[in-house]
Amino acid sequence: MRIALAQINPTLADFEFNKEKILEFIHLAQQRKCELVVFPECALFGYHPFDLLERSKLVAKQEAELKALIKKIPKDIGVIFGLITKNPKKMGRPYYNSAVFVAKGQKPRFFHKQLLPTGDVFDEARFIEPGDFSKNYFSWKGKKFFLTICEDIWAWPDAKGHSPYSENPLAKVKRQKIDMVINLSASPYFVGKMKQREYVVGKTAAYFKAPMMYVNIVGAQDEIIFDGGSFVVDKKGKKVLTCQQFEEDINVIDLETLEVWNKTAKLETVEELRRALVLGIRDFCKKTGLQKIHLGLSGGIDSAVVAALAVDALGPSQVVTLGLPGPYNAPQSLTLAKDLAKNLGVEFKIVEMKSMYENVVTALEKGIDLSGFGIVHENLQARLRGITLMAYSNKENSLLLTTSNKSEYAAGYSTLYGDMCGGLAPLGDLTKEQVYALAKYYNQQGEVIPQEIIDRAPSAELRPDQKDEDTLPPYVKLDKSVQHLVEESGAAKTETDKWLLPVLMRTEFKRWQAPPILKVSKHSFGRGRRYPIAHKAKE
């Protein structure tokens, strides 16, 4: 039996689009002589719906498209895909996170997810009722399968014996002789996530003594990136098939021989990160209906990398950059910004900020007795930049990309209603070191980002001869502390840790007001971080 892994990019709540996408990939599977095709978790609804599930009419619309889809299923092929279904009982949560097996002439069979993720970015138990996967065996054309959905396989203790669950219900399933375990997933990406998936899939395959197929969704939903990378392992946990990452793909495996249709090369870490961010930007635009992007181009490293990512996402014709020279910008900053824009092939506009700034300062000196140069004057410049960039956003219906990185956000080194203005923060989960790594990667085949941008000391240029390290610890130390305190929730150990922790605790109010931050680490700022603003915690 040939089985296809249909790794698709659905759009949340666009049920007709998703239905047609599923049908398209069913036909691709048929062309490859497959008798079974497996789609990801929530392929028909899109993932994750979060509080869209408050709108019961949306689930009813999905049900209508499900019926239409079933009528169009061709003969001689079984189809498995994920969806949201209603809980018919009066007790419990209103919905199930389900999978359905459909074939021409057969009554659809539904399976319900049992383990519901409630950590990090997800809180499925808010609307989803747990199912019972203990009887999730089914047969098709003489082959026997066991079906699971995403989190169902994640209760295995890790190498240190830790598990988020007090018991593993999968280990209590009465084992039968089967030909394959199937898992439908919508597993978010972060650097290093694939190793974790391989571990739990390998443990599950070994438990059932059968090969296992893991079909992951691809695409981005708000700040969450799904990388695809679907795969199959043999009964010992060895990978025998891998789909592409960060793009739709269909691949085929022969169940008897474990021969595969296509071989896929592993990506190096920095290219994996670049593709994740590009997909995040592209899908955010596509799924919100925005077609144009703009950003302030300062002549610094962060905006340079964001501009390069934006061009990769939408192409140079859809990206506009703006130079915003103010009273304290070095002349070479504007020159470097122009050079970068030329290298990327994007339009570059200049809006002079000096007279705007002077007029506001004059008005404030009269109105609120502002005197002497200080933080007010620095933040005014940042906010005038934000006003200008948002004015362009209003005029052109263009998405403003924010250029702050994770180390700056952690240290509160950002200005509300200033450089934090924007609709999406592509670098908000990257340390400064990762930003530099991307810049150098872009220059591997020739200079895209002017070398001077990479070499010069970072500066907000809001006062004479300003450097970031006048206020912050050296980034090489700050980055490590950000990883330790934020991503690992560690205790303060180093001097930089001890400097950062109280700053981190008292600047949460800023991060609550940040744009959506593309998630590429195991613990990012944004949806998955639920720190309060008002508290007395110091550790």
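Structural remarks
- Per residue accessible area in Å² of the chain, where ligands, DNA and RNA are left out and the probe is 1.4 Å: 44
- A convex hull fitted around the alpha carbon atoms of the range 73-137 yields 106 Å³ per residue.
- Of the residues TYR165, TYR95, the one with the largest accessible area comes first in the ranking TYR165, TYR95, computed with a 1.4 Å probe on protein heavy atoms.
- When each of the peptides 422-434, 225-237, 140-152, 449-461 is scored by how many other beta carbons lie within 10 Å of its residues on average, the order from highest to lowest is 422-434, 225-237, 140-152, 449-461.
- When only alpha carbons are used to place a centre, the range 355-432 and the range 235-271 end up 45 Å from one another.
- Of all accessible heavy-atom area on the chain, the percent that carbon and sulfur account for (1.4 Å): 51
- Share of pairwise Cα separations in the range 396-539, more than 27 Å, in percent: 22
- Placing a label point 7 Å from the Cα of LYS67 along the Cα-to-Cβ line, the residues of the range 13-48 whose backbone N sits under 17 Å from it are 15-16, 19.
- Extension gain (nm, one decimal) between ARG463 and LYS107, 0.36 nm per residue minus Cα-Cα: 121.1 nm
- Dimensions in Å of the range 249-367 - Rg and Dmax from alpha carbons: 21.5, 83
- Centroid-to-centroid, using Cα positions, the range 211-227 and the range 21-59 are 12 Å apart.
- Potential lengthening of the chain between ALA265 and LYS195 amounts to 23.6 nm, from the contour at 0.36 nm per residue minus the alpha-carbon distance.
- Under 30 Å from LYS354, Cα to Cα: lysines that are on another chain or at least 8 residues apart: LYS292, LYS338, LYS342, LYS366, LYS395, LYS406, LYS432, LYS467, LYS510
- Amide H contacts of TYR96: THR85, LYS86, ASN87, GLU129, each under 5 Å away and 5 or more positions distant or on a separate chain (H built 1.01 Å from N in the peptide plane; Pro and chain starts excluded).
- Taken about its Cα centre, the range 12-65 carries a charge dipole of roughly 160 debye when the Cβ of each Lys and Arg holds +1 and the Cβ of each Asp and Glu holds -1.
- Projected area averaged over orientations for the range 1-143, convex hull of C-alpha atoms, nm²: 8.8
- Near ALA313, once Lys and Arg are set to +1 and Asp and Glu to -1 for all other residues with Cβ below 14 Å from its Cβ, the sum equals +3.
- Listed peptides 501-509, 83-91 by packing density, highest first (mean Cβ within 10 Å): 501-509, 83-91
- Total formal charge among the other residues, if their Cβ is under 14 angstrom from that of GLN483, Lys/Arg +1 and Asp/Glu -1: 0
- Computed from phi, the 3J(HN,Hα) profile of the range 13-28 under the Karplus parametrisation 6.51, -1.76, 1.60 (θ = phi - 60°) reads 6, 9, 5, 5, 4, 5, 4, 5, 5, 4, 4, 4, 6, 4, 5, 4 Hz, with x in place of Gly and Pro.
- Under 5 Å from the amide H of GLN245 lie the amide H atoms of GLY229, each residue being 5 or more positions distant or on a separate chain, with H modelled from the backbone and absent for Pro and chain starts.
- Pairs from the table (LYS177/LYS263; LYS287/LYS522; LYS72/LYS107; LYS86/LYS144) lying more than 20 angstrom apart at Cα are LYS177/LYS263; LYS287/LYS522; LYS86/LYS144.
- The 1.4 Å probe gives accessible areas that order VAL191, VAL218, largest first, as VAL191, VAL218.
- Selection from VAL232, VAL100, LEU430 lying farthest towards where the dipole of the chain points positive, charges on Cβ: VAL100
The values are calculated or read from the model by the stated rules, or taken from the named source; none is laboratory data. Note that the coordinates shown come from a computational prediction; the quantities given were computed from them, not determined experimentally. Backbone-built Cβ (ideal geometry, glycine too); neighbour counts: all protein chains shown. Ligands, DNA and RNA are excluded from the accessible area calculation, which covers all protein heavy atoms including side chains. Shrake-Rupley method; radii C 1.70, N 1.55, O 1.52, S 1.80 Å.
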